[in-house]
Amino acid sequence: MALSPFSMQDHITITTLGLEFAMAVALGTGAGFWIDRKLGTTPWAMIGGLLLGFALAMYIVIKEANRLKKEENSAKDKK
Amino acid sequence: MDISHTIAHHILDHDLGVTLGSFHLPITAHTLTMLGVSIVLFVVAVLLSVRGKSLIARLLNTLGEEYVAFMRDGIVVPAVGKEGIAFLPYFCTLFLFILFSNLAGLIPQMKTITSNISVTGGLALCSGGLIVYAGIKTHGLWGFIKSFVPGGTPWWLIPLMFPLEVISLIIRVCVLAIRLFANMLSGHMVLLSLLLIIFIIGQMSKMAGVGAAFPAMGLEIFMTFLELLVAFLQAYVFTLLTSIYVGLVVHSH
């Protein structure tokens, strides 16, 4: 099968990763921007939020990559 | 000709509401379309489910059974497993509702309600609710909360991992809404922009406008067929992603 070793579900999940990455960074930056406006700490909370968002985005990507690696290995073991 | 006004008129929602005294009933073009889609879906579901002996009734019954079998064997069971069959009615409704909502935008004078972030946000919230419900139903409340922390995590990392996993779940739900919204909105903006090319060029020279009409209409027809494909594809992707997320929660241990 052309999609092997990944299933259709995995391919759809992979295409969503980019959007999840962008969303995590945007969410962190947005939360930081909101805190800055409330506390008047411009731009420090936004920079902190951006970095935290980026860290979360990397965590999501690494976790998904690990899950896919596990699936690939289990598919190979079945063969 | 104000191009931005024309695009906004076709894409944005319009308030058609009535004011009764101090109370404003917010009926909009999108809510009317959603009501129309719901009525059509209800009629279709009744037609597919009512048993009859005539050839058409039997054909419709078979069509309904094939659809449910496709949702069960093609989407839900591979992603969630046998546990997912309990949630099959939600997935069947979700797919048909998104598909009909997407297709409604291709009918003249009707609006694409899935190009409204409030509609896709509502659908994503329903899916988010199902993800949480499936997790609690499978593992119990405490088991579901524990499933947010991956197995083997040291105790001192738990205060960091738990919020990360909760925010990841929220991001997944947000992504569901944004993906459908962005795809449907951009498709319609491309359709409108291609059509408006004729008038933009026509303002410079009428003959050039007539000349531009042929390639623009060719592209318009191509994009309309592409939109038809996208309508099916996005309904499928939204349903499949929801089932994958439910599967991840159900099989978290």
Point to revise | Cβ charges +1 (Lys, Arg) and -1 (Asp, Glu), total dipole of chain B, debye | key: 500 debye
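Hey, any idea what % of region B:3-250's accessible area is carbon plus sulfur with a 1.4 Å probe?
On the way: 10240 of 13290 Å².
Exposed carbon and sulfur together represent 77 percent of the surface.
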Practice item. Determine the residues within region A:27-73 where the difference in accessible area between the chain on its own and the full set of protein chains amounts to at least 20 Å²; count protein heavy atoms only and use a 1.4 Å probe. Key: A:27, A:56, A:59, A:60, A:63, A:67
**Study point:** Whole-angstrom Cα spans of the protein assembly as shown along principal axes, big to small
**Key:** 72, 70, 56
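Semi-axes of the equivalent ellipsoid for region B:90-234, please: Cα gyration tensor eigenvalues, times 5, square-rooted, ordered largest first, whole Å. Spell out each step's value before the answer.
Values: eigenvalues 421, 58, 21 Å².
So the three semi-axes of region B:90-234 are 46, 17, 10 Å.
What is the Rg over Rh value, at two decimals, for chain A, using alpha-carbon atoms and the Kirkwood definition of Rh? It would help to have the intermediate numbers written out before the result.
Values: Rg = 17.7 Å, Rh = 14.3 Å.
Rg/Rh: 1.24.
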Check your understanding: Across peptide A:12-21, what mean number of C-beta atoms from other chains lies inside 10 Å of a residue's C-beta?
Key -> 4
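Rounded to a whole number, what is D in µm²/s for region B:137-199 from Stokes-Einstein with the Kirkwood radius over alpha-carbon pairs (4 °C, 1.567 mPa s)? Walk me through the numbers on the way to the answer.
Details: Rh = 15.2 Å.
D = 85 µm²/s.
Using the Cα centre as the reference, give the magnitude of the dipole from point charges on the C-beta atoms of region A:19-72 (Lys, Arg: +1; Asp, Glu: -1; all else neutral), rounded to the nearest 20 debye. Could the numbers behind the result be given before it?
Numbers: 6 positive and 5 negative charges, 27 e Å.
Dipole of region A:19-72, to the nearest 20 debye: 140 debye.
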Exercise for review: Can you tell me the order of B:178-190, B:199-211, B:239-251 when each peptide is scored by its average per-residue count of other Cβ atoms within 10 angstrom, highest first?
Suggested key: B:239-251, B:178-190, B:199-211
Practice item. Could you sort B:154-166, B:84-96 so that the peptide with the highest average Cβ count within 10 Å comes first and the rest follow in order? Key: B:84-96, B:154-166
Practice item. Ignore the peptide's own chain and count Cβ atoms of other chains within 10 Å of each Cβ in B:237-243; give me the average, rounded. Key: 2
Check your understanding: Put +1 on the Cβ of every Lys and Arg and -1 on every Asp and Glu Cβ in the protein assembly as shown; which of B:34, B:181, B:123 then has its Cα farthest towards the positive end of the dipole?
Key -> B:123
Review point. For residue B:208 and residue B:117, what does the FRET efficiency come to when R0 = 41 Å and r is the distance between their Cβ atoms, rounded to the nearest 0.05?
Key: 0.65
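Compute the accessible area per residue over region A:19-72, keeping the other protein chains in place, probe 1.4 Å, unit Å².
Details: 3380 Å² over 54 residues.
So region A:19-72 comes to 63 Å² accessible per residue, rounded to a whole number.
Once the Cβ-Cβ distance between residue B:2 and residue B:170 is put in as r, and R0 is 41 Å, what FRET efficiency do you end up with, to the nearest 0.05? Write down the numbers at each step before the final one.
Details: r = 39 Å, r/R0 = 0.95.
Efficiency at R0 = 41 Å is approximately 0.60.
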Review point. List the lysines whose alpha-carbon lies under 22 Å from that of residue A:70, not counting same-chain residues fewer than 8 positions away?
Key: A:78, A:79, B:82, B:146
Point to revise | DSSP H segments from chain B that extend 27 Å or more along their own axis, Cα-based, with Kyte-Doolittle mean of -0.5 or above | key: B:29-49, B:117-146, B:158-204, B:206-250
Check your understanding: For residue B:119, what is the net charge nearby, where nearby means another residue's Cβ is under 15 Å from its Cβ and Lys, Arg count +1, Asp, Glu -1?
Key -> +1
Exercise for review: Once you've got the GNM for chain B with C-alpha springs shorter than 10 Å, pick whichever of B:25, B:125, B:106 has the biggest mean-square fluctuation.
Suggested key: B:25
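The values are calculated or read from the model by the stated rules, or taken from the named source; none is laboratory data. Remember, predicted model here, so these are calculated numbers, not experimental data. Neighbour counts run over all protein chains shown; Cβ positions are idealised from the backbone, glycine included. With ligands, DNA and RNA removed, areas are computed over all heavy atoms of the protein, side chains included. Shrake-Rupley method; radii C 1.70, N 1.55, O 1.52, S 1.80 Å.
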